[in-house]
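Notes follow once the structure below has been shown.
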Amino acid sequence: MKTHHKWLTAPLAAGLSAALLGGCGTEQGAGSGAAGGIRVGMSDEILATDPAAGYDPGSWLLFNNVFQSLLAFPKGGSVPEPEAADKCGFDGGSTVYTCTLRPGLKFSNGNPLTSEDVKFSFERALKIADPSGPAPLLSTIETIETPDERTVVFRLKVPDATFPSKIASGAGSIVDHREYPADALRTDGKAIGSGPYKLDSFGDTEAVFSANTGYQGTAERRNDKITLKLYQGDRTALAKAFTDGDVDIAYRGLSAADISALENAGGDQDVQVVQGGSAEVQHLVFNMQDPVASKLAVRKAIAHLVDRDALVEDVYKSTATPLYSIVPAGINGHNTAFFDTYGAPDPAKAKQVLRAAGIKAKVALTLWSTPSRYGPSTDAELKAIAAQLNASGLFTADVKSIPFEQYEKDIADGKYGVYVKGWVPDYPDADNFTAPFFGEGNVLGNHYENKAITGTHLPKTAATPDRSATDKEYGAIQDAVAEDLPLLPLWQGKQYAVTRDGVTGLEWTLDASTVFRFWELRKS
């Protein structure tokens with residue numbers, strides 16, 4: 001699976017939140033934020049306005065407000081519900097999925113939205129197959145049929161019970177077939193969709209959105225205009241913009257120190273720090289072909305020594321929580337396999353594991369980091385882990401920090417024994433935390449394979465439309481990974497946004513489903 005945007009994890013940044021929910025049109029009496037609307041600042045860039053190309057947090061934020069998908073995640077929920085569709089469902093198994101569209105759907109330009117547009121949108125994304133696009137999420141589609149203007153039938157190559165969640169994400173954005181070329185990306189920076197908002201203008205530093213008054217869906221719009229200020233990765237500029245009153249909301253990109261300072265300030269009654277749930281995670285990854293990291297005893301010793309509580313408190317100022325499994329808390333199927341297996345940090349157990357394997361000398365180890373991708377605290381985090389290992393007297397660990405482009409090349413070349421990886425999910429299902437990591441062609445690049453996982457557990461979960469019935473299989477996967485230790489889960493992020501000037505509704509935009517809901521924001 002291609003994972004272009006996933007490795008953008010840092011607990012100090014608010015993750016994306018999910019798709020569309022309850023109601024229709026604009027709430028009566030809703031505050032629109034005066035003439036200027038509501039100003040939202042974030043440090044992420046928007047890398048694409050065309051859904052066939054975008055697979056990054058900034059682009060998906062745009063998609064989920066400008067375009068509709070057949071399904072969407074309700075606020076706080078992980079089970080997709082109809083949005084552009086009236087109803088959707090599998091037909092006897094998990095290889096044929098049929099959706100019926102709402103009647104009277106229109107794009108913001110007035111053109112009708114029919115099953116032809118849905119078919120066109122999915123086939124277009126697959127045909128273009130942009131390297132930075134979401135086509136891999138749609139790769140199980142074999143054919144799409146449109147027996148009438150309101151019916152779409154997806155026939156899948158293999159059982160894929162997570163297909164509804166995939167098409168509820170930004171990958172499921174529906175475009176107007178009259179406005180987009182079938183075999184090339186749109187390059188004019190414009191976007192025509194049928195979602196709650198229209199994109200009025202887009203540039204390097206600002207995107208302006210206004211209400212799509214012809215929208216027919218489940219979102220209740222509580223404002224008529226959003227101005228998105230883009231700070232191009234400059235966290236300092238974002239913090240200053242908020243302090244200076246240039247933005248009403250600082251969404252993605254404030255540092256842990258900024259958030260902590262604002263939370264503890266207390267003096268400014270205008271400032272509110274809003275915390276939400278998140279499924280962003282970070283792992284310490286072990287190269288199973290490395291001369292040192294390939295030794296199970298070494299990996300188990302590390303598992304017995306890493307103090308997650310200290311990491312999240314000292315390095316991340318409690319803007320994350322300790323993670324003890326590959327499936328984060330709040331996602332169906334989560335367990336605490338790593339805590340159950342290794343317990344609290346215990347140097348005596350670490351020493352016992354090493355000695356039992358005949359390892360008596362201190363283990364020399366380098367931990368590889370890349371703060372340019374995972375945030376400025378990453379180096380400090382890896383140095384803290386190295387210090388924990390060294391304090392046991394069992395390791396001589398150091399840290400090396402590499403720019404992301406070189407980092408990814410070196411991982412692919414097998415040059416690192418121990419390195420850090422973060423993950424921002426596409427959809428809130430245990431599948432998105434297991435199949436990409438442990439399925440065929442896994443994205444970790446660590447040469448780990450478990451035939452029970454790939455041959456039995458993952459196929460069973462993929463063929464189970466009732467996601468609540470997958471706990472046993474996902475539990476088996478988590479337990480096996482804890483025993484084999486191809487990686488060590490470190491933390492699960494929290495989402496934060498900071499607001500002022502009477503803006504409300506942020507609590508409904510921050511959850512594990514990953515899309516920021518403009519329509520929930522209101523400014524008095």
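Some points to look at:
- Residue in region 219-230 that is in contact with an Asp or Glu (Cβ under 7 Å, 6 or more places away or on another chain), farther than 20 Å from residue 61 by Cα and outside any loop (DSSP other than H, G, I, E, B) present: no
- Screening residue 210 on (1) surrounded by fewer than 20 Cβ atoms within 10 Å (Cβ to Cβ); (2) of a type in the set (Gly, Ala, Ser); (3) within 15 Å of residue 65 (Cα to Cα); (4) modelled with pLDDT under 95 shows it passes everything except condition (4).
- Among the residues listed as 53, 48, 84, the single one being touching a residue at least 40 places away in the same chain (Cβ under 8 Å), buried (at least 18 other Cβ atoms within 10 Å of the Cβ) and closer than 25 Å to residue 522 by Cβ: 84
- Here region 170-207 is the region considered, the condition is being more than 28 Å from residue 74 (Cα to Cα) and basic (Lys, Arg), and the residue that is least open to solvent (accessible area, probe 1.4 Å) is 186.
- Among the residues making up region 63-115, those that are among the basic types (Lys, Arg) and in contact with a Gly (Cβ under 9 Å, 6 or more places away or on another chain) are 75, 102, 106.
- Conditions (1) modelled with pLDDT of 95 or more; (2) open to solvent by less than 10 Å² (accessible area, probe 1.4 Å): number failed by residue 225: (2)
- Here region 337-372 is the region considered, the condition is being in contact with a Pro (Cβ under 9 Å, 6 or more places away or on another chain) and open to solvent by 60 Å² or more (accessible area, probe 1.4 Å), and the residue that is farthest from residue 300 (Cα to Cα) is 372.
- Among the residues of region 235-253, those identified as open to solvent by less than 70 Å² (accessible area, probe 1.4 Å) and touching a helix residue (DSSP H, G or I) at 6+ places or on another chain (Cβ under 9 Å) are 235, 238, 239, 242, 247, 248, 249, 250, 251, 252, 253.
- Odd one out for residue 284 among (1) closer than 23 Å to residue 415 by Cβ; (2) surrounded by fewer than 17 Cβ atoms within 10 Å (Cβ to Cβ); (3) not acidic (Asp, Glu): (2)
- Within region 159-172, residues that are under 16 Å from residue 120 (Cα atoms) reach partners that are open to solvent by 10 Å² or more (accessible area, probe 1.4 Å) and basic (Lys, Arg) with beta carbons closer than 8 Å, at six or more positions or on different chains, in the pairs 172/166.
- The lone exception for residue 297 - which of (1) touching a helix residue (DSSP H, G or I) at 6+ places or on another chain (Cβ under 8 Å); (2) buried (at least 22 other Cβ atoms within 10 Å of the Cβ) it fails: (2)
- Search result, residues across region 318-336 that are in contact with a Pro (Cβ under 7 Å, 6 or more places away or on another chain) and of a type in the set (S, T, N, Q): 319, 325
- Residue tally, condition of a type in the set (A, V, I, L, M), within 29 Å of the chain's Cα centre (by Cα) and either surrounded by fewer than 21 Cβ atoms within 10 Å (Cβ to Cβ) or under 24 Å from residue 43 (Cβ atoms) (or both), over region 373-398: 4
- Count of region 300-336 residues which are open to solvent by less than 20 Å² (accessible area, probe 1.4 Å) and among the basic types (Lys, Arg): 1
- Residues located in region 471-522, provided they are within 30 Å of residue 218 (Cα to Cα) and among the basic types (Lys, Arg): 494, 500, 517, 522
- Taken together, the residues in region 442-480 that are touching a strand residue (DSSP E or B) at 6+ places or on another chain (Cβ under 7 Å) and among the aliphatic types (A, V, I, L, M) amount to 1.
- Hits in region 403-413 - residues which are surrounded by fewer than 20 Cβ atoms within 10 Å (Cβ to Cβ) and touching a helix residue (DSSP H, G or I) at 6+ places or on another chain (Cβ under 8 Å): 403, 404
- Residues in region 310-344 that are among the polar types (S, T, N, Q) and in contact with a Leu (Cβ under 8 Å, 6 or more places away or on another chain): 319 only.
- Total residues in region 414-429, condition open to solvent by 10 Å² or more (accessible area, probe 1.4 Å), under 16 Å from residue 367 (Cα atoms) and among the charged types (D, E, K, R): 1
- Listed by position, the strands (runs of 3 or more DSSP E) enclosed by region 405-500 that each have at least 2 residues that are under 22 Å from the mean Cα position of the chain (by Cα) and under 21 Å from residue 303 (Cβ atoms) are 418-423, 487-493.
The values are calculated or read from the model by the stated rules, or taken from the named source; none is laboratory data. Small disclaimer: the values here were computed from a predicted structure and weren't measured. Neighbour counts run over all protein chains shown; Cβ positions are idealised from the backbone, glycine included. The protein model used for the area step is the full one, side chains on, heavy atoms only, and it has no ligands, DNA or RNA in it. Shrake-Rupley method; radii C 1.70, N 1.55, O 1.52, S 1.80 Å.
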